[in-house]
Every structure is written in C-alpha cells, then in structure tokens.
Amino acid sequence: KDKILAALPEGNVDVLPVIDSTNQYLQDRISQLRSGDACVAEYQQAGRGRRGRQWFSPFGSNLYLSMYWKLDQGPAAAMGLSLVIGIVTAEVMQQLGARDVRVKWPNDLYLKDRKLAGILVELTGKTGDAAHLVIGAGINLRMREPAPDVINQGWINLQEAGIDIDRNELTVTLLRELRAALRKFEQEGLASFVPRWRNLDNFIDRPVKLLIGDKEIHGIERGIDPQGALLLELDGEIKTFIGGEISLRGR
Ligand code: ATP
Ligand code: BTN
C-alpha cells in the first residue's frame, strides 16, 4: 500500500481489502471525487461486467481497479473513451512484459485468444454537458479455477501464461498512463488512438462472429472507424457496428 501511495503524484487511491464492487464504491462517493481519483480492492464480492453480468473476482492477487473521470464532451464520447482505456491498458501490460496482450472490441484484453481482462465504463450522472464516468478494470494476474458455470468463454491469467507482473507496479503505471491518455483524448479526440488500436487488435483481418441478442453475424473484422465503431466486412462490403449490446467472438 505504501509503495502505491508513494508513487502516485496526483489523485487519491483508496486501497480496500474487500468491497462489493470497486465501480460501485466510487459511484457511491461520486460527489466527493475529482477526475483521476481511484480505488483498488483485494477482492470483490459482487464484481460486475456489462449488462449485469458477473465478474469473477476471487481473493489472490488479481487486479480490481476503478477510476473516476468527468468527461466534458458528455456521454456520447464515452465509447471512444472506453477504447482508449483498452489501448492504454494493453500497452502498459506489454511494456511490463506481457508482450502478446491484445485488445478485443469494444473493451476486453485478450491473451492467446482468451479473455485476460475486462473493462467496464459506467455513466453515473451528468452535470450540464459533462458526464460522470466510473472506469473499471479487472485483470487476471493469478487466479484459482472458477466454478464451471461462472465464466462462459475462454479465460486466462498471467501466471498460467508464465508472465509475472508486479501488481503494485502495474497499478501505479496504469493509473499514471490512463490519466495522461484521458487528458489527451479530451483535447484531441480518438484520432491518434485509432492506429494504436490497429496494432493491438486481436481479431484484425480474422473471421469473427457478432452476437447481437439472438442474432449471429459472420464476417471479417477490419478494425475500427475514426469514431471507434467496429468495422466488419460482410460479402465484400464494410459495415459499421456501434457498442452496447454487441459481443464479438472469434470463429
Ligand atoms: P464481451 O466482453 O466479449 O462482449 P460478454 O458480452 O459475454 O463479453 P461481459 O459482460 O462483457 O460479457 O463480460 C462478462 C463475462 O466475462 C462473463 O459473462 C463471463 O463469461 C466472463 N468473465 C467473468 N469473470 C471473468 C474473469 N475473471 N476472467 C475472464 N472472464 C470472465
Ligand atoms: C467485462 O468484461 O464485462 C468487464 C468486467 C469489468 C470488471 C471490473 S473489476 C473492477 C471493476 N469493478 C467491477 O465491479 N467491475 C470492474
């Protein structure tokens, strides 16, 4: 804890032994927060993913981190912001030794074609045009086996891949780089991040399927457009898809 606090030049970080959800913890305190304030927990009793899904969050050296950000551009820019979080998290992990970490649209991290981390950006309110966002990241560093029904897709943790990243160093670097990237995103938008996404995209130019409710769409993944929408090639034509209820899978 002391190491984390000493290395953080800006923003508060609450270090919690146990909490329902680190995103919920910040949401409950939103009026007292400034952009960049964050928390981490040793484990979560009700970690959550998109659309009320569960995020398996056992005790034992995974990272569960949330950060508050007030986005002056408003809620419409939140999709771009969540891509930025994925890009920066993947790049930081690569720099710290996990060279093969990739991103999966809209905001998961993949390693060896399996899910290593999930990112959840939640809109918690508005003041004028500004959106109050809580950004959460769960990263599997070392993890015991979940019950078979808890995770319904391939998952992985760094230990299983033979990669050792110090959790404190990851936390500190991630917070610093996320804050810097979000400031850049606020000033310049998504443009400079789009080529970075391309380099990291796990499924670029590969056959994928999109799950949209009961529907399945098969195509070739072609990256993202300047707004951050997914590009999918269908019968030789490029179509765009925007976040929300869509899940992307390999084929
Ligand atoms: P995607 O992000 O690919 O669209 P999704 O829409 O199926 O996935 P999300 O809500 O984004 O689901 O993520 C939650 C899902 O992640 C859960 O349904 C579960 O299958 C999986 N999951 C839960 N905990 C973990 C974990 N610790 N590591 C990897 N995967 C997990
Ligand atoms: C997903 O893939 O659906 C996103 C999962 C996000 C999990 C993280 S863990 C820290 C933060 N607190 C939560 O309850 N969820 C996010």
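The table that follows gives values for the structure above.
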{"item": "Per-residue Cβ neighbour rank within 10 angstrom, fewest leading, T171, T127, T22", "result": "T127, T171, T22"}
{"item": "Gaussian network model of the chain, springs between alpha carbon atoms under 10 Å - residue of I224, I19, I135 with greatest fluctuation", "result": "I19"}
{"item": "Unit charges at the beta carbon, dipole of segment 25-147: most positive-side option, F56, L96, L123", "result": "F56"}
{"item": "Cβ-placed point charges (K, R +1; D, E -1), dipole of segment 1-115 about Cα centre in debye, nearest 20", "result": "460 debye"}
{"item": "Relative contact order for segment 91-143, counting Cα pairs under 8 Å that sit 6 or more residues apart, in percent", "result": "22 percent"}
{"item": "Length released on extending from T127 to D20, taking residue separation times 0.36 nm less the Cα-Cα span", "result": "35.9 nm"}
{"item": "Order of E221, E188 under a 10 Å beta carbon neighbour criterion, fewest first", "result": "E188, E221"}
{"item": "S61 versus E160: modelled label distance in nm, points set 7 Å from Cα along the beta carbon direction", "result": "1.5 nm"}
{"item": "Within segment 6-148, percent of DSSP bridges classed antiparallel, to nearest 5", "result": "85 percent"}
{"item": "Length gained when the stretch E233-E177 is fully extended (0.36 nm per residue, less Cα-Cα span)", "result": "16.9 nm"}
{"item": "Bins of 5 Å from zero: percent of alpha-carbon pairs in segment 38-197", "result": "2, 9, 19, 23, 21, 15, 8, 3, 1, 0"}
{"item": "Within the chain, percent of DSSP bridges classed antiparallel, to nearest 5", "result": "85 percent"}
{"item": "D_trans [Stokes-Einstein, Kirkwood Rh over alpha-carbon pairs] for segment 129-192, 37 °C, 0.692 mPa s, µm² s⁻¹", "result": "220 µm²/s"}
{"item": "Mean separation of Cα contacts under 8 Å (6+ apart) over length of the chain, as relative contact order %", "result": "17 percent"}
{"item": "222 nm mean residue ellipticity, helices alone, for the chain (DSSP H n ≥ 4; -39,500 (n - 2.57); rounded to 500)", "result": "-7000 deg cm²/dmol"}
{"item": "R0 of 22 Å, Cβ-Cβ distance K215-R114: FRET efficiency to nearest 0.05", "result": "0.35"}
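Read-outs: derived from the displayed coordinates by stated rules, not from any lab. Since we're looking at a predicted model, the values are computed, not measured. Heads up, the Cβs are rebuilt from the backbone with ideal geometry, glycines too, and the neighbour counts pull from every protein chain shown.
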